[in-house]
Every structure is written in C-alpha cells, then in structure tokens.
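Enquirer: Okay, here's the structure, questions in a sec.
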Amino acid sequence: MNSDSHFGLTGLATMGANLARNVAHHGIPVAVHNRTTSRTQRFIDEHGAEGPLTGYESVEEWVGSLGRPRVLMSMVQAGPATDAVVDEIVPHLDAGDVLIDGGNANFRDTQRRHAAAAEHGVHFLGVGVSGGEEGALNGPSIMPGGDRKPYDQSVKPIFEAIAANVDGTPCCTYVGPDGAGHYVKMVHNGIEYADMQLIAESYDLLRNGVGLDVPDIAARFESWNESELESFLIEISARVLAKVDEATGKPLVDVILDAAEQKGTGRWTAQNALELGVPLTGITEAVFARTLSALKAQREAAAGRLAGPPASGRGGEDLAEDLEHALYASKIVSYAQGFAQMAAASEAEGWNIDLGSMATIWRGGCIIRARFLDRIREAYDNEPKLGNLMLAEFFATALEEAQEPWRRIVARAAEWGIPTPAFSSSLAYYDGYRRARGPASLIQGLRDLFGAHTYQRADREGTFHTQWGGDGREVEV
C-alpha cells in the first residue's frame, strides 16, 4: 500500500483501536479521533510507535488532515451514537468522500443513513466486521455494502490488506448496495446465536445426560475440533470448559451465572425472517433460549415446584457419539436457514448477493468460521440458484447419515427433561422441509371456516370457499 492512502477512524474502544492498529501495521497512514480526547492521546501514547498513526482532538482537524477523496470509518456503538457521529462528521465532508460505519447497525438504519449522506454527495458504506477484538487486530472477516464504485476505488485495497486471508483469498468481498453488508453481518450473528445454543445444549447433554465431568467434556470438544465439526466456536468452547476459576478451584463455567445476554442482532435476524416469511427456527429458538435464561429468579422458583422426569437411566458413550452426529446435522440446518434468509432478502431488496462469496469470506477471521464453509461455497458454485443448502448432494448425504443418532438425541433429551430447543427445532425443520404433504391443509380449512379466508385445492386451479354457515357447498371465488 503506498503512502498517499488516506484513512481516518473515529471510535477508539477495543474494536476501533485494534482495527486502526491493523491498518497501521500494513503501512497505511491512519488519522484517529475519539470524542473523549484523553482516549485519543492514550491510544497514541500506547500504540503510536506501531505504524503511521496520528491523533486529532477535533472532528474538524481530523477530517481536514485527510486527502481527498477522504475515507473515514466510524467504530462506535450502533444506534443513536452512530447517528450522532454521522451528523457531526457529514457537514465537514466534501462530495465524493466516503464515510463507513463499521458497527453492528440495523440494516434499515444503514439504508436511511446511506440515503441521507447521498443528499450531500457523500458515499456511505455499511460494513460488517466479524472476529472480535483479536480479529480486528490480526485480520477480520469484512462484509462491505454501499456504493460500489467508491468502494472499489478507495476502500477495497485497504480492507483486503487488513482482512483475514485463507488460501491466498482475502476474507472480504463487496456484498451489495446500501444495507446489504450490515444485513449479511446480521445473519452471520444469527447463525452464531444458533451455533452457541447448539454447543450449550451439547454441553448440557454430556454433563447431565451422559454424566461426564467438565474436564472430560472439554476434552470431548477438543476431539470434535479435529473432525468435521472443526470451527472457531468448538475450539473456544474447549478453552472455556478447561478453564479453572482461581478463586474457588471450580470449573469457571460453574461460577458464571447461567443467564446469557444479547445485543440485538439475533433478535433482528429472527424479526426480519418473520417479515420475509422465512422459517428461521434454529436461530429464533436460540434467541428465545437466551431470553428464558435471563428469567433466573423465576427459574429458581420453578425448580422447586414444577415436576420433571426422575434423574435415572442416563446414557453412556454411545450417546456421546450420537451427539457428535446430531450437532453436525443441526449446524447444517442453521447455516441452511441463514443462507435461505440471505437469498430471500437479496431478492426482496434487489441486492444480488453472491451466497458462495459469503461462505468464502466467512472461512477466516469471523466467529462462525468452520471447516464446512468450503462445502457451502462448492454447493453454490455448482448451483448458484440452489433453493436450500440441505438439497446440495454433500449436505443431503450428511443429513441422511446423521438422522438416526440425531433422532435418538432429541428423543432421549425429551425423556430426561433436558431442554434442547435448537436440536429439536432443527430436526423438526428438516422433517417439515422433506415432506411433500403436511398437515397445513387442516389449518387452512379452519381459517376458511371461522374467517372465510378461502383455500386452494391440490387437484385443480382456483380459489375456493366452503359455505360453512349455509348449505355446505363449495364455491369458487
């Protein structure tokens, strides 16, 4: 990267600070700014020697330090904080400058900001950045959306330089117009929710179903990470489970409160799926599971009052082996649902998202990186208009081979009273999707009876209504 590149970053919390350092490590001059000026100075004092980093106190000085067309990136909290930064920066920009939001913004907010910036001649990019603080420093997965031409001319060389790299390919590609980048990041996070819920249910079954202690479960996850289940989340699950609390000598997982928090991206994913009419069962159940976990006081009260099955007849090594197959099958379903949702949104919004490319850039740097992302890329290379990943030969075969242990896991969990909403809903989705005819005909019949909502017939064209309150005749409407 030559020295006349121009890049500015505001928002020096952990993600922003590490991203700025990453850019500077590649020899790209970076002008940094933070609303709290003391943080800017502290950042320069601690990291200024790592590369061409310069700090500025005011927005006017910061913007003015950059050559045109300016490339500026905001790394502040999504929501009102981002609006405040955009409102403060845009008046100082010139037509043709590029303003990037790298936070976890709602894609509808990104579309609104893109339109507002365009009124000033400013190009707005909504960019998903995945990988946490380590990825931001050493190479994240980057999902840029917005105006294509200024991205290609001014931003692409920077992002491709700092992104993770797998097999010589940067984990960064242009996603689509306006909010497409933040949309894909939202779905990425939704899949992350489902993955973590499946992992938590696996831990619960191994501990309370098979009867393994925590160190043995950690070892089990380590071995899984050498199999088709290899992924970043499986890897770090083993690390968390192996961690011993220094204060008590207990496994750390035993002293962490069992109430999972959330920042909203999983909920947005589920809400948008409902709007699109996409059955996103695994991710939605993962969101609900976190919500239920937060009802700690109610659950403690219910534990002494609501009956469950006797704690006897637990499983053994055969169940642990079944669980590996069930986890793999359920992960396939969660990715299939997420990619189906991206396809539906791409069509609805006119984004033309390349789904195979999304799998490619998720292979490194991001939280949901996993071995079988190469298989997803191959599936879309072979059939770009693939209706559902489960229909690709590799995944259809994998699901067929896993279905017996998958069913045993869900059945045994129900017998033992161990909740498995992600496993169970994934299996139900698979069974519902593979049925040529289901029971929804009864639902539509009921709707016609109480609300005259009409129905269509399976044996001929047309729309019909039965005169339930009259002579019972069927009429075409």
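Enquirer: Regarding the range 121-133, can at least one residue be identified that is in a loop (DSSP other than H, G, I, E, B) and touching a residue at least 40 places away in the same chain (Cβ under 8 Å)? Give the derivation first.
Expert: Start the filter on the range 121-133 by keeping residues that are in a loop (DSSP other than H, G, I, E, B), which leaves 121-122, 131.
Of the ones still in play, those that are also touching a residue at least 40 places away in the same chain (Cβ under 8 Å) are 131.
Checked the range 121-133: at least one residue is in a loop (DSSP other than H, G, I, E, B) and touching a residue at least 40 places away in the same chain (Cβ under 8 Å).
Enquirer: Can you tell me which condition Trp416 does not meet? The list is (1) of a type in the set (A, V, I, L, M, F, W, C); (2) surrounded by 12 or more Cβ atoms within 10 Å (Cβ to Cβ); (3) at pLDDT 95 or above, and all the others hold.
Expert: Just one mismatch for Trp416, condition (3).
Enquirer: Which of (1) touching a helix residue (DSSP H, G or I) at 6+ places or on another chain (Cβ under 6 Å); (2) touching a residue at least 40 places away in the same chain (Cβ under 8 Å); (3) of a type in the set (Gly, Ala, Ser) does Gly96 not meet, given it meets every other one?
Expert: Failing condition for Gly96: (1).
Enquirer: Kindly indicate which of Asn189, Asn208 is out of contact with any Phe, Trp or Tyr (no Cβ under 7 Å at 6 or more places or on another chain), closer than 24 Å to Thr284 by Cα, touching a residue at least 40 places away in the same chain (Cβ under 8 Å) and of a type in the set (S, T, N, Q). If you could, list the steps in order and put the result at the bottom.
Expert: On the way: Asn208 fails: closer than 24 Å to Thr284 by Cα.
None of the other options fit; the residue is Asn189.
Enquirer: Quick one: which residue in Gln77, Gln111 is surrounded by fewer than 19 Cβ atoms within 10 Å (Cβ to Cβ), in contact with a Gly (Cβ under 8 Å, 6 or more places away or on another chain), of a type in the set (S, T, N, Q) and in contact (Cβ under 8 Å) with a residue 24 or more places away in the chain? It would help to see each step written out before you state the result.
Expert: Values: Gln111 fails: surrounded by fewer than 19 Cβ atoms within 10 Å (Cβ to Cβ).
Residue meeting the stated conditions: Gln77.
Enquirer: Let me ask something else. Counting residues that are within 25 Å of Gly209 (Cα to Cα) and within 33 Å of the chain's Cα centre (by Cα), which helices (runs of 4 or more DSSP H) fully inside the range 379-477 reach at least 3?
Expert: Values: elements: 393-416, 421-433, 440-451.
Ranges flagged: 393-416, 421-433.
Enquirer: Follow-up question, since we're still on this one. I need a count of the residues in the range 138-169 that are in a strand (DSSP E or B) and either without any contact (Cβ under 8 Å) to a residue 12 or more places away in the chain or touching a His at 6+ places or on another chain (Cβ under 9 Å) (or both). Quick ask: steps written out before the conclusion?
Expert: Going residue by residue through the range 138-169, those that are in a strand (DSSP E or B) are 141-146, 165-166, 169.
From what is left, the residues that are either without any contact (Cβ under 8 Å) to a residue 12 or more places away in the chain or touching a His at 6+ places or on another chain (Cβ under 9 Å) (or both) are 141, 143, 145-146.
Counting residues in the range 138-169 that are in a strand (DSSP E or B) and either without any contact (Cβ under 8 Å) to a residue 12 or more places away in the chain or touching a His at 6+ places or on another chain (Cβ under 9 Å) (or both) gives 4.
Enquirer: Kindly indicate which of Glu261, Glu226, Glu222 is without any contact (Cβ under 8 Å) to a residue 40 or more places away in the chain, farther than 30 Å from Asp318 by Cβ and of a type outside the set (S, T, N, Q).
Expert: Testing whether each residue is without any contact (Cβ under 8 Å) to a residue 40 or more places away in the chain, farther than 30 Å from Asp318 by Cβ and of a type outside the set (S, T, N, Q) leaves just Glu261.
The values are calculated or read from the model by the stated rules, or taken from the named source; none is laboratory data. Just so it is clear, the structure is predicted and the values come from calculations on it, not from any experiment. Glycine also receives a Cβ, built like all others from the backbone with ideal geometry; neighbour counts cover every protein chain displayed.
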